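Novice: Submitted below is the structure of interest, expressed as structure tokens.
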Amino acid sequence: MRGKGSRLFSKNVLCCIAVLLMLMMCLTGCDKEGHQDEETTAEMVEIESSEEGSSLEETEDIRQEETTEDMLETQEQTEAETEDETEAETEIGQHVHEFGEWTVLEKSTKYQAGLKERMCLYCEYAEQRRIAAGHHEYDPETGICVEEGCVDGDPEYFTAQWFEDGTLLGHPLAETAKELMLPGTIADETVSAIGFSAFENRKNLTKVVILTGPQRIEMNAFYGCSGLESMKLPNSVRNIDDGAFAGCESMETLTFGKNITTFGYNSFSGCTSLKEITIPGTVRDITEGAFANCTSLEKVTIKSGATHIDEWCFVNCYYLETVTMPNTVVYIGMGAFSGCASLENIKLSTSLEELSSEAFAGCKSLTSVKIPSKVTEIPYRAFYGCQDLESVTMGSAVTVIDFEAFADCTSLTSISLPGKLEYLDESAFQGCRKLKSFTYKGETYTSTEEVQALIGE
């Protein structure tokens, strides 16, 4: 039994050993297959890396080729442009430059020069010039500074700062200069007007010459130029607006052009040094206050053609002695010659139709007056306070002698009243202490009350 058991145990052991050997062989085979797979994978990675490297090298080669082509194209373009510039330079040398208008690059100031440039019309050639600063020397005919490249009168400079829509707005030297010459044209455009307050209160100015061109001197253009000594207006000037030369206290002489037509309100009022004026016949209406308070004015000559002498036109011209009035005047406004204390004689227009209130009030030196035949009314205080008035000749058409018309005419001794008189105010001759004789319809009376009682019979 024991021998049989031993043989069985040995058989079992051998079987177990065989199984173990088979397992070991299986395991060994698997390890070999895994090792082969790893080697295969590594080989594939190496192949792919090799392919990618080849692709990158090919891309880089392409890029280098493209860059080379671009550089060649750029070089060709540069060479073409160089050839064009060379041709242009050759053309420049083959023609005479014709330039366009100047362009101001840098405007000049009182102390610093500027710069302007103009281009050739046929090439790119540019010419530059200095724009002078500081003092100027004017051409007497053009009014432009004679210094080459000077801004004073240069079209671009004037257009930008002093010239707009035909109107001269000022002048670069107006603040400091004593004498100015104002241009009649700028950039081939006529100066049509000297603008509103363009030179107002420039007390430094003593002389201004206006060249032919402007037709209008606008409101307050030279107002308050108290140092201005004279003014001669060119024939182009037609209109002088309100206050244009008011307050020019030093102006002694004033000359109008032959085409002047209108004066504005107070246009020359307060020109206290003005001594004599002649108003052309082209002026139909001598406007309100035109020469008011011209206290040194001695002589006024109004040429034939004027029809109206408006309100307060010559008021307070204390030294006015002589007025020559044409027979074309039909109207004298309120207070027109009021306060002209030195006026001794005046011959009124034979065409005069209307004499307004206070027209000659305060004319203390007036000695005689003849009322024209077309005047129908002696209004309120027309000759009030004419202390030296001795003789009054009434026109036949007078129907009304109004309130204080001849009051305080202390030298008047007699008066002949028109036969058509319809109204005589009781104060018409108030304060006429020497007046003792009133002639009415061929009869003589001693008081206004007596005449009043007869009016209307």
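Computed from the coordinates by the stated procedures, all read-outs in this text should not be read as laboratory data. Quantities reported herein were computed from a predicted structural model and do not represent experimental measurements. Here Cβ is always computed from backbone atoms with ideal geometry, including for glycine, and neighbour counts include all displayed protein chains.
Novice: Show me the ranking of peptides 317-326, 372-381 by mean Cβ neighbours inside 10 Å, starting with the highest. All intermediate terms of the calculation are to be shown ahead of the outcome.
Specialist: On the way: 317-326: 18.1, 372-381: 19.7.
Descending packing order for the listed peptides: 372-381, 317-326.
Novice: Using a 10 Å cut-off around each Cβ, can you sort Phe99, Phe314 from fewest to most neighbouring Cβ atoms? Intermediate values should be presented prior to the final figure.
Specialist: Working: Phe99 14, Phe314 25.
Listed from fewest to most nearby Cβ atoms, that is Phe99, Phe314.
Novice: What FRET efficiency would be calculated for the residue pair Thr350, Glu252, taking the C-beta separation as r and a Förster radius of 56 Å, to the nearest 0.05?
Specialist: After rounding, the FRET efficiency stands at 0.95.
Novice: If you don't mind, there's one more thing I want to ask. Among all the lysines, which ones have a C-alpha under 25 Å from Lys116's C-alpha, if same-chain residues fewer than 8 places away are not counted?
Specialist: Lys107
Novice: Amide H neighbours of Ser437 under 5 Å, counting only residues 5+ apart in sequence or on other chains, H built in-plane at 1.01 Å?
Specialist: So Ser437 has HN proximity to Ile415.
Novice: Students often check this: by mean Cβ neighbours within 10 Å, which of 190-196, 429-435, 307-313 ranks highest, and how do the rest follow?
Specialist: On the way: 190-196: 19.7, 429-435: 16.7, 307-313: 22.1.
Highest-to-lowest ranking by the protection proxy: 307-313, 190-196, 429-435.
Novice: What FRET efficiency do you get for Ser414 and Thr272 if R0 is 30 Å and r is their Cβ-Cβ distance, rounded to the nearest 0.05? Mind showing how you got there, number by number?
Specialist: Working: r = 39 Å, r/R0 = 1.30.
The calculated FRET efficiency here is 0.15.
Novice: Please give, to one decimal in nm, the separation of the simple spin-label points placed at Leu115 and Glu229, each 7 Å out from Cα toward the Cβ.
Specialist: Each label point lies 7 Å from its Cα, and together they span 4.2 nm.
Novice: I need the peptides 100-107, 255-262, 180-187, 295-302 ranked by packing, meaning the mean over residues of other C-beta atoms within 10 angstrom, with the highest value on top.
Specialist: Details: 100-107: 14.1, 255-262: 15.6, 180-187: 20.0, 295-302: 18.5.
By packing density, highest mean first, the sequence is 180-187, 295-302, 255-262, 100-107.
Novice: Would you mind calculating the gained length between Ser365 and Thr190 on full extension (0.36 nm times residue separation, minus the Cα-Cα distance), in nm to one decimal? Don't skip to the answer; put the middle values down first.
Specialist: Numbers: separation 175, 0.36 × 175 = 63.00 nm, distance 4.86 nm.
That works out to 58.1 nm of additional length.
Novice: Between Ile455 and Glu426, what is the label-to-label distance in nm when each label sits 7 Å out along the Cα-to-Cβ direction?
Specialist: It is 1.2 nm.
Novice: Which residues does a label at Glu390 reach in region 401-415, if reach means a backbone N under 17 Å from a point 7 Å past the Cα toward the Cβ?
Specialist: 409-415
Novice: For the residue pair His95 and Ser447, what label-to-label distance in nm results when each label sits 7 Å from Cα along the Cα-to-beta-carbon direction?
Specialist: 10.4 nm
Novice: Working out 0.36 nm times the residue gap between Arg238 and Met24, then minus their Cα-Cα distance, what length gain in nm do you get to one decimal? List each step's numbers first, then the result.
Specialist: Details: separation 214, 0.36 × 214 = 77.04 nm, distance 13.45 nm.
Additional length available on full extension: 63.6 nm.
Novice: Evaluate E = 1/(1 + (r/R0)^6) for Thr439 and Asp165, where r is the Cβ-Cβ distance and R0 equals 60 Å; express this FRET efficiency to the nearest 0.05.
Specialist: Details: r = 64 Å, r/R0 = 1.07.
Using R0 = 60 Å, I get an efficiency of 0.40.
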